[in-house]
1. Which pairs do you get when a residue that is small (Gly, Ala, Ser), found in segment B:379-396, comes within reach of a residue that is modelled with pLDDT of 95 or more, reach meaning Cβ atoms under 8 angstrom, with the pair 6+ apart or on two chains?
2. Out of the residues in segment B:96-125 that are touching a helix residue (DSSP H, G or I) at 6+ places or on another chain (Cβ under 6 Å) and over 27 Å from B:Ile65 (Cβ atoms), state the one that is surrounded by the most Cβ atoms within 10 Å (Cβ to Cβ).
3. Output the residues belonging to segment B:86-95 that are within 19 Å of the chain's Cα centre (by Cα) and buried (at least 19 other Cβ atoms within 10 Å of the Cβ).
4. Quick one: is A:Pro34 within 12 Å of chain B (Cβ to nearest Cβ) and modelled with pLDDT of 85 or more?
5. For segment B:405-431, give me each residue that is within 14 Å of chain A (Cβ to nearest Cβ) and either among the charged types (D, E, K, R) or more than 20 Å from B:Val348 (Cα to Cα) (or both).
6. Please find, within segment A:39-89, the residue that is surrounded by the most Cβ atoms within 10 Å (Cβ to Cβ) out of those that are in contact (Cβ under 8 Å) with a residue 60 or more places away in the chain and in contact with a Phe, Trp or Tyr (Cβ under 9 Å, 6 or more places away or on another chain).
7. Can you name every residue in segment B:491-515 that is of a type in the set (Lys, Arg) and either under 11 Å from B:Leu462 (Cα atoms) or assigned to a strand (DSSP E or B) (or both)?
Amino acid sequence: MSESTQDIQATVKEYLLEAFLPGEDPDSLAEDTPLISGGILDSISTVKLVTFLEEKYGVEFQAHEISSDNLETLADIANTIQTKRAAKG
Amino acid sequence: MMRLQQLLEDSAAAYPGKTAVVDPERSVSATYAQFQGLAESVRERLAAAGVIAGDRVGICMPKSIGSLAGVFGALRADAAYVPVDSTAPPARNAFIFTDCAVRAIVVAEHLAEGLHAELGQDRYVNTGALPFLAEYGIPMVLLAATSEGTPGFEGVDTSNLAYILYTSGSTGKPKGVMHTHASGLAFIDWCTEAFAPTPDDCFSSHAPFHFDLSILDIYVCIKHGGKLVLLGETLGKQPSKLASVIASESITIWYSTPSILRLLVEYGQEEPHDHSALRIVFFAGEVFPVKHLRAVMAMWPKPRYYNLYGPTETNVCTYYEVPADFPAERTEPFPIGKDCSDDVGMVVGPDAQEVPRGEEGELFVKGGSVMRGYWNLPERNAEAFHVDADGGRWYKTGDVVKIDAQGDYEYLGRRDRMVKRRGYRVELGEIEAALYTHESVTEAAVVATPDPESGVLIRAFLNWTGDKPPSLIAMKQFCSKKLPLYMIPDKFIPVSTLPKTSTAKVDYQKLLELE
């Protein structure tokens, strides 16, 4: 059973709050909160996020894909995961 | 050779009936003639206790006419005075007095027993009260060293020492900065030229005597026959009372750290006061965030504002006059300015070679107002100075600066407050400056600690206005507009107030201990 975009967003949000935003009010992190340009994810934490996504969803990221085009917001991340899973068939 | 005590002597001759010093907290004052008499009485007691030229005399007192008489009494005895923070633990003060083997200690009666116990009953004896000072508010006694208390020091040049100010060392043990009459006067005489004080001037004495800012207050005032207004440990932290004293004493020259000026802006304006006598405001000791400086200048538009810079080791070695008008959008702190006090600065790279003009490097200072050295620490002295090919002796300030287009030194930060993160050099002060531009941040302090995972963990401690601290995400987003990503703090920790040292600077050691 495939997870909805909503579910993916919720899972990633939980991970981000726990890993990089300890103590933060969950409501402050919206689906359009800028993560990379907003200073929440730096290069190291972006790599950690990608590792998490790869393990959790069985997808792979190429080096050039690790960028704000795909990972800037929770919405972007969920879309990227959905696209990758669709491509895998 | 000119000596600091001569400044009092000269003014007492020129202005015997003029008020020299006022203690508003205890509602007492002394004229120049009276004050010189008190200093002479202290000298007599010191002489009776065996104090001779080249000795050290400790001062452990709340700020008062009595403690100032102790300072001048020691100087008149040709001894160097060693002032300590009377609110510090007795063990720390006993360490200092033992370290430089003071021959005698002028101490408040209520502190004498605790200090004496720490010093050792066999090393010092209580010679009894200094009764002539009793009417000035604080009963004082004199402790005198026995032969046990005053070992000799080989290799320490005690000639012409005027004062030893102990500063906290990174090793945890205070170290004594030795200034001679000549190094003190190089700064004091420069103040005469630069600021033209007059007998009509009334100086604030806000800094405690163990803090080097007090050198300007005490000696520039006394030299020019001005009136010195003592703002002691308690009064000094009560902005509404300070505001009232500035008005009632018609203070013309104010000198303090930026922290105190901020308090005056925030809490000192509840009642209207006439501060129109103010003509000069000096600040020193830490970076003044521009938004707070602007608020002070709005509160007091008339005076001229000067940023004085110098580690205790140099008295004051550069100065900068803040322009009366500057753009509203300016957020970067003002420069520390140009060389003064008969000093010369040099900006050097890691190889101790001067860097090309405009490039950043550590500031080295040599000249008139630089200390003789640290008391009895030959190895530290060897590290503290760079001796050039011509034998010039440069004090390494540990501060990183660059020279801007106007020829002013721009302060970039402490050498030891720079950390490398992911290969980038991060100046913690720069992060603080960025945080200060946030509208609800009132105080910010940033510390870095080693972190097994990321290498360096950067934590920002914030004091804010409003009921709720800004959210972590909001702060990170704010920082991302001001700073490169690698400089954004990992954690933002709200605090109701930042811990301060006894000299009202942010206490980074304490912050490092906070979880």
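The values are calculated or read from the model by the stated rules, or taken from the named source; none is laboratory data. Fair warning: this is a prediction, and the values are worked out from it, not measured in the lab. All Cβ positions, even for glycine, are placed from backbone atoms using ideal geometry, and neighbour counts span all protein chains on display.
1. So the pair list comes out as B:Ala384/B:Glu313; B:Ala384/B:Gly373; B:Ala384/B:Tyr374; B:Ala384/B:Tyr395; B:Ala384/B:Lys396; B:Gly392/B:Lys366.
2. That would be B:Arg123.
3. B:Ser86, B:Asn93
4. yes
5. Answer for segment B:405-431, where residues must be within 14 Å of chain A (Cβ to nearest Cβ) and either among the charged types (D, E, K, R) or more than 20 Å from B:Val348 (Cα to Cα) (or both): B:Arg421, B:Arg422, B:Gly423, B:Tyr424, B:Ile431.
6. Looking at residues that are in contact (Cβ under 8 Å) with a residue 60 or more places away in the chain and in contact with a Phe, Trp or Tyr (Cβ under 9 Å, 6 or more places away or on another chain), I get A:Ile81.
7. Scanning segment B:491-515 gives B:Lys491, B:Lys500.
Residues are listed down the side, and each one gets a yes or a no for (1) farther than 26 Å from A:Ile44 by Cα; (2) modelled with pLDDT under 85; (3) within 13 Å of chain A (Cβ to nearest Cβ); (4) buried (at least 17 other Cβ atoms within 10 Å of the Cβ):
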{"position": "B:Ala433", "(1), (2), (3), (4)": "no, no, no, yes"}
{"position": "B:Thr442", "(1), (2), (3), (4)": "yes, no, no, yes"}
{"position": "B:Val446", "(1), (2), (3), (4)": "no, no, no, yes"}
{"position": "B:Thr449", "(1), (2), (3), (4)": "no, no, no, no"}
{"position": "B:Lys476", "(1), (2), (3), (4)": "no, no, yes, yes"}
{"position": "B:Ile488", "(1), (2), (3), (4)": "no, no, yes, yes"}
{"position": "B:Leu498", "(1), (2), (3), (4)": "yes, no, no, yes"}
{"position": "B:Leu514", "(1), (2), (3), (4)": "no, yes, no, no"}
